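The values are calculated or read from the model by the stated rules, or taken from the named source; none is laboratory data. Since the model is a prediction, treat every value here as computed from it, not as a measurement. Cβ coordinates were reconstructed from backbone atoms using ideal geometry, including for glycine residues, and neighbour counts include every protein chain displayed.
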Amino acid sequence: MKKIISCSILNVDFLKLNDILKQLYENKIPWLHFDVMDGNFVKNLSFGSSILKSINDSEYKFFNDVHLMINNPLHYYLDFIEAGASMITFHIESYNFDFEKNLKLINLIKSHNVKVGISLKPKTNISEVFKYLKYVDLVLIMSVEPGFGGQKFIEETYQKIHELKKEINKENLNVLISVDGGINDTNAQKVREYGADVLVSGSYLLADIKDRKNKL
């Protein structure tokens, strides 16, 4: 399966946004990754659904993966769907690992014909996501502590990717593995080899889109 590069726009200079979108489009970067933060679930604030809508309304079209790093994603998921989300990814920790609440949100997202992903923080055991695999399209493994771009890749992530890929194959499921945080040319190949399908890169990729896309 061809690996996917997803560009995180967390640290984008919004004064240059249209030019950046053009470069991403011309270099065939198919996904945009929207890190949505509320200042509570993680200690940072980012942007709301209006940014997604304005990008989705532009002439450049992408697969819009919205990563909700927020408390109570049930209250906000519909805003992002209406703004043009292709996929909504939320954290299993948002509702303190409550399976019924998480499954309710998964089913609500899917009822709008939008793909759904779940994510986990670095300190959460990868086995916590296994019970969700038959319900979702993607699992997002955070390879840094969520909240800020430009952090160093956590080495234990490789083992998480390996264990998750093994479980997906054992159950014969079609679930993508995405990895987000500190992805660059020194670890991208190994991340792919361990089984990741989607590589999320922000600061590294945006420094030189054409050159660094090839290195990823």
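When you scan region 89-102, do you find a residue that is more than 21 Å from GLU156 (Cα to Cα), surrounded by 20 or more Cβ atoms within 10 Å (Cβ to Cβ), within 15 Å of the chain's Cα centre (by Cα) and in contact (Cβ under 8 Å) with a residue 12 or more places away in the chain, even just one?
Within region 89-102, one or more residues are more than 21 Å from GLU156 (Cα to Cα), surrounded by 20 or more Cβ atoms within 10 Å (Cβ to Cβ), within 15 Å of the chain's Cα centre (by Cα) and in contact (Cβ under 8 Å) with a residue 12 or more places away in the chain.
The residue that is surrounded by the most Cβ atoms within 10 Å (Cβ to Cβ), among those in region 175-194 that are at pLDDT 95 or above and under 17 Å from GLY117 (Cα atoms), is VAL179. Put simply, of LEU52, LEU45, LEU78 the only residue that is surrounded by fewer than 21 Cβ atoms within 10 Å (Cβ to Cβ), over 19 Å from TYR204 (Cβ atoms), modelled with pLDDT of 90 or more and of a type in the set (A, V, I, L, M) is LEU78. Flag: ASN214 does not match the condition of being part of a loop (DSSP other than H, G, I, E, B) and of a type outside the set (Ser, Thr, Tyr). Within region 78-91, the only residue that satisfies the criterion of being closer than 13 Å to LEU138 by Cα and either among the acidic types (Asp, Glu) or in a loop (DSSP other than H, G, I, E, B) (or both) is SER86. Considering region 1-42, the residues that are crowded, with 21+ Cβ neighbours inside 10 Å and of a type in the set (Gly, Ala, Ser) include one that is farthest from GLU193 (Cα to Cα), namely SER8.
Find the residue count for region 92-117, including only residues that are of a type in the set (Val, Ile, Thr), touching an Asp or Glu at 6+ places or on another chain (Cβ under 9 Å) and outside any loop (DSSP other than H, G, I, E, B).
Just the residues of region 92-117 that are of a type in the set (Val, Ile, Thr), to begin with: 92, 106, 109, 114, 116.
This time we only want the ones that are touching an Asp or Glu at 6+ places or on another chain (Cβ under 9 Å), so: 92, 116.
Next, from what is left, pick out any that are outside any loop (DSSP other than H, G, I, E, B): 116.
Qualifying residue count, region 92-117: 1.
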